[in-house]
Amino acid sequence: MQKPVVYTTDVLIIGGGFSGSWAGISAAAHAKDVLIVDKAARDWRGLGMMSGGDMIVMQPEFKVDDLVDEMVYYYDGLCDQPLVRKILENSYARFCDLERWGHHFARDEQGKLRAVVQRGLTYMRYYLYHPYGKGGPHTCNTLYDQLAARGVRRVSNIQIVRLIKRDGRVVGAAGFHTRSGMPCVIRARAVILCTNTGGFKLSYLSNTSAGEGTLLAYEAGATFQNMEFLQNWTCPVAFAWEGQTGMLPYGARFVNKDGEDFMKKYSPMRGAKSDPHYNIRGMVLETRAGKGPTCFDTSTMSAEGIEVMTPTGGWMLLNDQKLKKLGIDFFHQKTEWMPQFQYIFGGMVTDTDCRTGVPGLYAAGRSASLHTGVYMGGWDTCMTSTTGWFAGETAAREAMDMETHGAAAFAAEEAVEEIADFLNLNGRPGIPPKDVVRSIQELMVPADVSVLKTGTGLNRALHQLERVRNEYMPEMTAQDPHYLMKLLEARGMALVAEMYLRASLARKESRCGHFREDFPLRRGEPGWYRITKGAGGHMDMTFAPVPFGSEGYAVTPYRYYMDDFDYPDQPHPDGVHSAAD
């Protein structure tokens, strides 16, 4: 085994995207040394690079109580009200930071900020980056400039394999360089995970987050929730396009093969101006009825909407130019679209300061649990900036406080020994990781597993996953360090898939982005299914009711967003629909 490269820092941040960058900026104000490591190449910019850079913000003229009430409604009661309140209250400060650093939000001729109201709500609205199409890359560059100005170190091509614990506390991490294979050990007083919970490598913007962060935290003892909520999305069949959450409010629509705006019959009030999960259910039902395929019709958009949403830079401008050369004028015709699942929406349970409950371990952005299967444009930019800030400040302050009490030390050689079995898989013949990834994708993609879930579909997928675990994964090896990284991704993906399937089976009701065709109604009190690693490596699951009336939970649900939609009964393999309690 090679001698490891050893780093020492006050705060280690794993993941260099939006949330990791914000955590680094915040931590640098309190810690002497901050280190960000990422498995990808330097300045790859993370998933945020593909975004529009738009951001939901609670502007000063709004009241936080109104927005929290709206989020409880939108989340069908499963809202972490204390954390959502803190995010909203701090969003304007992060918005001002971005503007002060040169990130420009669009304004009209009178200087008023341009906003797009989300999902037919009243208060939740995102503010557009200007010029449209460059927002994601510019956000990344802006944050990187701020990290450099604060002396935050960034190291690329480092895949973390294990969080190192001593006396119950996370005190660092061990991994390897994804090009040379050289072992790497990092001693830290605090560790922040900013890796996304994980996805399934099925989209232009979701091919990197595969669940390794979830694997690290699960093995370290963290608790997860909302794992039954999958981010389903709609996208063109033949190309990629960003911005549907802005185009739908400006008049775009989904139509079936007969040209019918079918979402109006499923929700006369909302139509397609809703979360993609609701639209996708309509797409599947239309296809079942022989009315597929679905097309996205932009010809009905307003002139203002076309002006605002036409890309003027970045990858989207290149995309638009290439499509026009092929005879596709996106804003003046219909294009065929399809459903596509991307990520698991759940994550680690944290408090409002982003502590995970595992001493020394913190989580920010999509590594933390907040989403409940429904999404709105600009919310991730808001969530990553604020929770990144909270996690960075909390971790740094508590890390520096350890100077008084003394940080746990460990030998680098001991840390390498903890991951030696994994590193030894490099260069051995066996099953390549891509074959395992493809098997997991295939078992997850059926509609009765990912959209209109049934017990039959979920159990079938779980049995298939168990076969992958038992027969294929033990034989999985890597031809070089790059594919050793892919091997860890496959392991993380398998863990995330299992969490999703088990939590989806446990939730015998429909709520938010989770729809059980065999249990299509809400049942009982709202609550979260929480997963931890139990004895013998088995998943332990518990139910935690939402504590309405307790501190921070002032809003008791009195309306539900899901009630704005009415999907007709459909025959399915699990028998009669269940009535609500």
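Summary of values
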{"item": "Qualifying residue in the range 315-329 (condition: in contact with a strand residue (DSSP E or B) (Cβ under 8 Å, 6 or more places away or on another chain) and modelled with pLDDT of 90 or more)", "result": "yes"}
{"item": "Restricting the range 523-552 to residues that are in contact with a Leu (Cβ under 9 Å, 6 or more places away or on another chain) and part of a loop (DSSP other than H, G, I, E, B), the residue that is nearest to LEU285 (Cα to Cα)", "result": "PRO526"}
{"item": "Check on THR287, hydroxyl-bearing (Ser, Thr, Tyr), touching a Ser or Thr at 6+ places or on another chain (Cβ under 8 Å), farther than 21 Å from TYR73 by Cβ and without any contact (Cβ under 8 Å) to a residue 12 or more places away in the chain", "result": "yes"}
{"item": "Any chance GLN146 is in a strand (DSSP E or B), polar (S, T, N, Q) and more than 19 Å from the chain's Cα centre (by Cα)", "result": "no"}
{"item": "Residues being assigned to a loop (DSSP other than H, G, I, E, B) and closer than 15 Å to GLY537 by Cα - total across the range 209-236", "result": "3"}
{"item": "Residues (more than 27 Å from the chain's Cα centre (by Cα) and either open to solvent by 60 Å² or more (accessible area, probe 1.4 Å) or at positive phi (or both)) located in the range 298-328", "result": "SER299, THR300, ALA303, GLU304, GLU307, GLN321, LYS322, LYS324, LYS325, LEU326, GLY327"}
{"item": "Residues satisfying the stated conditions in the range 451-481, i.e. polar (S, T, N, Q) and either surrounded by fewer than 17 Cβ atoms within 10 Å (Cβ to Cβ) or touching a helix residue (DSSP H, G or I) at 6+ places or on another chain (Cβ under 6 Å) (or both)", "result": "THR454, THR456, ASN459, GLN464, ASN470, GLN479"}
{"item": "Answer residue from the range 340-350, given it is assigned to a strand (DSSP E or B) and modelled with pLDDT under 95 and is surrounded by the most Cβ atoms within 10 Å (Cβ to Cβ) among those", "result": "ILE344"}
{"item": "Flag for PHE239 being in contact with a helix residue (DSSP H, G or I) (Cβ under 7 Å, 6 or more places away or on another chain), in a loop (DSSP other than H, G, I, E, B) and of a type in the set (Phe, Trp, Tyr)", "result": "yes"}
{"item": "Residues being in a loop (DSSP other than H, G, I, E, B) and within 17 Å of TRP337 (Cβ to Cβ) - total across the range 288-303", "result": "7"}
{"item": "Test for CYS79: is it surrounded by fewer than 23 Cβ atoms within 10 Å (Cβ to Cβ) and more than 17 Å from GLY377 (Cα to Cα)", "result": "no"}
{"item": "Condition check for TRP44: at pLDDT 90 or above and surrounded by fewer than 17 Cβ atoms within 10 Å (Cβ to Cβ)", "result": "no"}
{"item": "Candidates GLY172, GLY136, GLY181, GLY151 - the one that is more than 30 Å from TYR75 (Cβ to Cβ) and either free of Cβ contacts under 8 Å to residues at least 24 places away in the same chain or outside any loop (DSSP other than H, G, I, E, B) (or both)", "result": "GLY172"}
{"item": "Tally, over the range 52-70, of residues that are surrounded by 24 or more Cβ atoms within 10 Å (Cβ to Cβ), within 19 Å of TYR561 (Cβ to Cβ) and not β-branched (Val, Ile, Thr)", "result": "0"}
{"item": "So MET383, is it assigned to a helix (DSSP H, G or I) and touching a Leu at 6+ places or on another chain (Cβ under 7 Å)", "result": "yes"}
{"item": "Residues of the range 351-392 classified as open to solvent by 20 Å² or more (accessible area, probe 1.4 Å) and either within 14 Å of THR214 (Cβ to Cβ) or in contact with a His (Cβ under 6 Å, 6 or more places away or on another chain) (or both), total", "result": "1"}
{"item": "Residue match in the range 60-77 (condition: part of a helix (DSSP H, G or I), in contact with an Asp or Glu (Cβ under 7 Å, 6 or more places away or on another chain) and either at pLDDT 95 or above or over 24 Å from ILE25 (Cβ atoms) (or both))", "result": "yes"}
{"item": "Of the criteria (1) in a helix (DSSP H, G or I); (2) of a type in the set (A, V, I, L, M); (3) under 27 Å from ASN226 (Cβ atoms), which one LEU98 fails", "result": "(3)"}
{"item": "Of all residues making up the range 20-40, the number that are open to solvent by 10 Å² or more (accessible area, probe 1.4 Å) and small (Gly, Ala, Ser)", "result": "4"}
{"item": "Selection from the range 242-264 of residues that are open to solvent by 10 Å² or more (accessible area, probe 1.4 Å), closer than 20 Å to TYR74 by Cα and either part of a loop (DSSP other than H, G, I, E, B) or without any contact (Cβ under 8 Å) to a residue 24 or more places away in the chain (or both)", "result": "PRO249, LYS264"}
{"item": "Whichever residue in the range 519-531 is touching a helix residue (DSSP H, G or I) at 6+ places or on another chain (Cβ under 8 Å) and open to solvent by 10 Å² or more (accessible area, probe 1.4 Å) and, among such residues, is farthest from ALA461 (Cα to Cα)", "result": "ARG522"}
{"item": "Any hit, the range 553-571, residues being part of a strand (DSSP E or B) and open to solvent by 20 Å² or more (accessible area, probe 1.4 Å)", "result": "no"}
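Rundown of residues vs (1) under 18 Å from GLY24 (Cα atoms); (2) touching a Lys or Arg at 6+ places or on another chain (Cβ under 6 Å); (3) at pLDDT below 95; (4) open to solvent by 20 Å² or more (accessible area, probe 1.4 Å), yes/no style:
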site: VAL152; (1), (2), (3), (4): yes, no, no, no
site: VAL155; (1), (2), (3), (4): yes, no, no, yes
site: LEU163; (1), (2), (3), (4): no, no, no, no
site: VAL170; (1), (2), (3), (4): no, no, no, no
site: ALA174; (1), (2), (3), (4): no, yes, no, no
site: HIS177; (1), (2), (3), (4): no, no, no, yes
site: ILE192; (1), (2), (3), (4): yes, no, no, no
site: LYS201; (1), (2), (3), (4): no, no, yes, yes
site: ASN207; (1), (2), (3), (4): no, yes, yes, yes
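The values are calculated or read from the model by the stated rules, or taken from the named source; none is laboratory data. Values in this document were obtained by computation on a predicted structure and should not be read as measured data. Neighbour counts run over all protein chains shown; Cβ positions are idealised from the backbone, glycine included. Accessible surface areas use protein heavy atoms only, side chains included; no ligands, DNA or RNA. Shrake-Rupley method; radii C 1.70, N 1.55, O 1.52, S 1.80 Å.
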